[in-house]
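Trainee: Dumping the structure here so I can ask a few things about it.
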Amino acid sequence: MMDFADKVVLVTGAASGMGAATAREFSTAGARVLVVDRNAELAVQVASDISADPPLVGDVSDSSFCQQAVATAVERYGRLDILVNAAGIIVRADGPGTTDEQWQRIMNVNVNGVFYMSRAAVAVMKEQGRGAIVNFGSIWGEVGAAGVMAYCASKGAVHQITRAMALDHVKDGIRINAVCPGEVNTPMLTSERSAPVTAEMMQALADSVPMGRLAAPVEIARVVLFLSSDAASYMTGAMVNVDAGFTAR
């Protein structure tokens, strides 16, 4: 059930972090992966590492680019079986400290990007009569956190997009779920920090997790593969926390 031989998978945000780990895991499982990211250099590297066709470079906040990305998958491979919306950014600020530009940018990428890509993918998957979409939510989309207000709001929106679209398309053979990571050791975890990132700071983050450590990106990627697979055939509209017990408290 976890065999993705000949499946066509489009992964956004695939140039680094959890998106790159997801692209690699799908490739290892036999899928044909279309790497999508705005960072051309890193996207080319990931595509090369997994022996994939050239990546598609662009910004998911652009609806026309999202249409192009899905169309490219269909043109290259004849279908699109799985979409993974992993692209995302973070703003580390409270409400008063968040500028108009920061608010608009995080909503454009984290929310609009998920909507635009999913809308384009659903149109293709409906014709096929089958498909799976996995969105990257976050535990902060459910429980909230201090100092990342816009990020929390954007991920809450992703969760609601996931639930609503899952219900809209449950009769179309399309399953739509979200993976909700906790603290993961990715470039985003250390980005946008006001203070220098130190070993002590990273240890404090690890200590805040019940398991006492940060997740590796591949640990999240494996859950994405499960949600995309026939092993999760009875799951849609689910928010799956992968957080080492953080939200269980």
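Every number here is computed from the coordinates shown, using simple stated rules; none is lab data. Remember, it's a predicted structure, so these values are computed and weren't measured experimentally. Every residue, glycine as well, gets a Cβ built from its backbone with ideal geometry; the counts of neighbours run over all protein chains shown.
Trainee: Among Pro54, Met188, Ser154, pick out the residue whose Cα is farthest towards the positive end of the charge dipole of the chain, where Lys and Arg carry +1 and Asp and Glu carry -1 on C-beta, about the Cα centre.
Mentor: The one lying farthest along the dipole's positive direction is Ser154.
Trainee: If you don't mind, there's one more thing I want to ask. State the dimensionless ratio Rg/Rh of the chain (Rg: radius of gyration of Cα atoms; Rh: Kirkwood radius).
Mentor: Result: Rg/Rh = 0.95.
Trainee: Using just the alpha carbons, could you tell me how many Å³ per residue the convex hull of segment 64-184 encloses?
Mentor: Taking the convex hull of the Cα positions in segment 64-184, it is 97 Å³ per residue.
Trainee: Additional query: Run the dipole for segment 102-172 about the Cα centre, Lys and Arg Cβ at +1, Asp and Glu Cβ at -1, nothing else charged, and hand back the magnitude in debye, nearest 20.
Mentor: The dipole magnitude comes to about 60 debye.
Trainee: Here is a follow-up. How big is segment 141-237 along each principal axis, measuring the range of its Cα positions in Å and listing the largest first?
Mentor: 50, 27, 21
Trainee: Which ordering of Leu225, Leu42 is given by a fewest-first count of other beta-carbon atoms within 10 Å?
Mentor: Leu42, Leu225
Trainee: What dipole magnitude, in Debye to the nearest 20, does segment 21-62 give about its Cα centre under +1 on Lys/Arg Cβ and -1 on Asp/Glu Cβ?
Mentor: 160
Trainee: Give a residue-ordered list of calculated ³J(HN,Hα) values for segment 152-162 (Karplus: 6.51 cos²θ - 1.76 cosθ + 1.60, θ = phi - 60°; whole Hz; x for Gly, Pro).
Mentor: Residue by residue, segment 152-162 yields 4, 4, 5, 6, x, 5, 4, 4, 6, 4, 4 Hz.
Trainee: With springs only between Cα atoms under 10 Å apart, run a GNM on the chain and tell me which of Pro54, Pro181, Pro210 wobbles the most.
Mentor: Pro210
Trainee: List every residue whose amide H lies under 5 Å from the amide H of Asn135, counting only residues 5 or more places away in sequence or on a different chain, with H placed 1.01 Å from N in the peptide plane.
Mentor: Result for Asn135 returns Asn85, Asn177, Ala178, Val179.
Trainee: Ratio of segment 1-129's C-alpha Rg to 2.2 N^0.38 Å, to two decimals?
Mentor: 1.08
Trainee: Over what distance in Å are the Cα centres of segment 202-249 and segment 134-174 separated?
Mentor: Segment 202-249 and segment 134-174 have Cα centres spaced 15 Å from each other.
Trainee: Let me know the charge dipole size of segment 26-104 about its Cα centre in debye, to the nearest 20, where only the beta-carbon of Lys, Arg (+1) and Asp, Glu (-1) is charged.
Mentor: I would put it at about 320 debye.
Trainee: Right, next: Please arrange Tyr116, Tyr77 by counting, for each residue, the other beta carbons lying within 10 Å of its beta carbon, fewest first.
Mentor: If I rank by nearby Cβ atoms, fewest first, I get Tyr77, Tyr116.
Trainee: Can you give the calculated 222 nm mean residue ellipticity of the chain, where each DSSP H run of n ≥ 4 adds -39,500 (n - 2.57) and the sum is split over every residue, rounded to the nearest 500 deg cm²/dmol?
Mentor: -13000 deg cm²/dmol
Trainee: Between Val44, Ala123, Ala178, whose Cα lies farthest towards the positive end of the dipole of the chain when Lys and Arg beta carbons carry +1 and Asp and Glu beta carbons carry -1, centred on the Cα centre?
Mentor: Ala123
Trainee: What percentages make up the Cα-Cα pair-distance distribution of segment 180-219 when the bins are 10 Å wide from 0?
Mentor: 29, 59, 12
Trainee: Below 8 Å between Cα atoms, with a sequence gap of 6+, how large is the relative contact order for segment 1-121 in percent?
Mentor: 27
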